[in-house]
1. Could you count how many residues in the range A:93-107 are closer than 25 Å to A:Ala36 by Cα and surrounded by 19 or more Cβ atoms within 10 Å (Cβ to Cβ)?
2. Quickly run through the range B:299-323 and pick out the residues that are in contact (Cβ under 8 Å) with a residue 12 or more places away in the chain, more than 14 Å from chain A (Cβ to nearest Cβ) and surrounded by fewer than 18 Cβ atoms within 10 Å (Cβ to Cβ).
3. Output the residues belonging to the range A:28-50 that are over 21 Å from A:Met115 (Cβ atoms) and surrounded by fewer than 17 Cβ atoms within 10 Å (Cβ to Cβ).
4. How many of the residues in the range A:153-185 are open to solvent by less than 20 Å² (accessible area, probe 1.4 Å) and either among the hydrophobic types (A, V, I, L, M, F, W, C) or in contact with a Cys (Cβ under 9 Å, 6 or more places away or on another chain) (or both)?
5. Given the criterion open to solvent by 60 Å² or more (accessible area, probe 1.4 Å) and within 14 Å of another protein chain (Cβ to nearest Cβ), identify the matching residue among A:Glu136, A:Glu132, A:Glu53, A:Glu61.
6. State all residues of the range B:1-53 that are open to solvent by 40 Å² or more (accessible area, probe 1.4 Å), more than 28 Å from B:Ala332 (Cα to Cα) and in a loop (DSSP other than H, G, I, E, B); if no residue qualifies, say none.
7. In the list B:Leu204, B:Leu226, B:Leu184, B:Leu178, which residue meets the criterion of being under 22 Å from B:Gly345 (Cβ atoms), surrounded by 19 or more Cβ atoms within 10 Å (Cβ to Cβ) and aliphatic (A, V, I, L, M)?
8. Condition first: open to solvent by 80 Å² or more (accessible area, probe 1.4 Å) and under 23 Å from the mean Cα position of the chain (by Cα). Now tell me which residues in the range B:135-147 satisfy that.
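The values are calculated or read from the model by the stated rules, or taken from the named source; none is laboratory data. Since we're looking at a predicted model, the values are computed, not measured. Virtual Cβ from ideal backbone geometry, glycine too; neighbours counted across all protein chains shown. SASA here: full protein model, heavy atoms, side chains in, ligands and nucleic acids out. Shrake-Rupley method; radii C 1.70, N 1.55, O 1.52, S 1.80 Å.
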Amino acid sequence: MEILEELKNAIINFEAEKAKKIAEEVIKKGIDPNLAIRKSVIEAANIVGEKFEKGEIFLAELIIVGDILKGVSNIFREAIKQKMENKASYLGRVVLATVEGDIHDIGKNLVGAFMEAEGFEVIDLGADVPTEKIIEKVKELKPDILGLSALLSTTMPKQQEVIKELEKAGLRDTVRVIVGGAPTTEEWARTIGADGWAHDAPGAAKKAKELLQLS
Amino acid sequence: MTPRERFLAAVEFEEPDRVPIDCWITPQAYESVKKYLGLKEEENIEWGIMYSFKVSEAFLKRLHIDFRRVYAKPAKGYPKVYPDGTIEDELGIRYKWVQYYWEPIDHPLRRVKDVDEVEEIPWPDPEERPEKWEGLEKEAKELYEKTDYVIVGMPPGPWAVTDCAHYMRGFNNFLKDLILNPKLACAYMDKITELAVKLNDIMLDLIGDYVQVHLSGDDLGHQRGLFFSPEIYRKYIKPRHKKVISGIKKHGDIKVLFHCDGAIRPLIKDLIEIGVDILNPVQPNLPGMDPKSLKEEFHGKLCFHGGVDLQNVMSSKGTLEDVENEVKERIAALAPGGGYIFSGGHNIQPDSSPEKILLLYDCAVKYGQYPIRIS
């Protein structure tokens, strides 16, 4: 569909206003928002993710696209909610947090934007989130994926603490844990018993799909 | 050789008696070393990087540090302290203490929408604060005449341009401006550049004859790449960096130590072009930042400062054996032919144990003797 192609191009060309306008038009025209997400938002997110991976675009562009993806997917999600009043159209539920003692949230916010674009329901607990609060929220919200971010080598051990506390609370088997952030590595993720690791936001969204066997 | 002679040889790509040694460290890591060693000497030497704290001469001697620093004094009434414990600096940036750092939480340029508004925020006037320079000349002169250490001028204002820009504007906003509203980004970067140059001028007019090194720097990269494209760097930032660096160099034969975190390989040639002499911190495990290949490409043009991996070896993940191997590997790669100053690949963090920090520095002396013989 031409209009969805146009929307995809607006997103990958960083045209925020234009993308928003087209998305609203898509809704007015009565096009299925689920189809619109698949054909514009997810495709744009994949293209941008690939470009970032190849070094063709940089963090600055990724932040801009992250904002646009968030805005456009919100428009479509709202439309889906109003029409069908169901949440079944999500791929799954993701809870995100930057661990306690760490206020850095740029990477975590990008992960949220890309996960949303891929079709997950994202609940972002923010930054500097105490371990107990994360456990409480996992209990309450029953997410499929828990994403834990840490920028500092000094706060990274909190990722391990959360996993241990999940075990103690008998919740470890209910949720897949993905860790990320500058000092983390795949080996670190294995050592602390996480289910997955990703080095950037598009990678984290891919990993989430892989863990839920959706890709 | 004296520390100063050692440094001057190394920075000219000659082999001194041993690798010069410097130390960038967080106050928490310093405290743990001090406690471990039972140091009781007076702490009267300013040693802050991210923010001010003092160490003792005994500490610097124990770690074999060849460098001493000269700082401007804080402006009267700054930082402002608010009842909720947050603080605000001269530029109007508000910080909150989180775990180990003062993290910026509000930014004076956050709401600015167009170029005219940039002028309207209360930019500090460098001429207005004579208290910043009190005693500075005497202090530098004494260090120069009575000691043999390398003397480093610490910038009294913005180290360069972009770090200050994102502290004042907010990180995401600044990166977005560079692409979506470069005119606005250039307007506040110009103000910051002007401020940095003016402050360095005042300071180096006083102490330029005594310092061998002056610090500058901006973080241009993250763990896996650059914050923005090399094209954006070259168009909007490089000319402003050049102003700051040539502003330092017009004060004499002063080497510019430029701090820049991250995987920044694509910009190293640019930094050399605009006069950077020494690059810190060289995070060795990042893409493109392998010390061996950096040395191969840039030896003779750029001196390296740092290179020790803090994210693995010096964090709680690393063992004492890892530390010794790390020192051997980095010195073997970077030291031959001079052009290397030993230091951590950033500020030594609170998760580095005192045993590891002491071993790190003792190994630097042990393996840093020229000619380098590491199998």
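1. 2
2. B:His299, B:Gly300, B:Lys301, B:Leu320
3. A:Lys28, A:Lys29, A:Gly30, A:Asp32
4. 8
5. Being open to solvent by 60 Å² or more (accessible area, probe 1.4 Å) and within 14 Å of another protein chain (Cβ to nearest Cβ) holds for just one of A:Glu136, A:Glu132, A:Glu53, A:Glu61, which is A:Glu53.
6. Those that are open to solvent by 40 Å² or more (accessible area, probe 1.4 Å), more than 28 Å from B:Ala332 (Cα to Cα) and in a loop (DSSP other than H, G, I, E, B): B:Lys40, B:Glu41, B:Glu42, B:Met50, B:Tyr51, B:Ser52.
7. Step by step, each of B:Leu204, B:Leu226, B:Leu184, B:Leu178 is checked, and only B:Leu226 is under 22 Å from B:Gly345 (Cβ atoms), surrounded by 19 or more Cβ atoms within 10 Å (Cβ to Cβ) and aliphatic (A, V, I, L, M).
8. B:Glu137, B:Lys141, B:Tyr144
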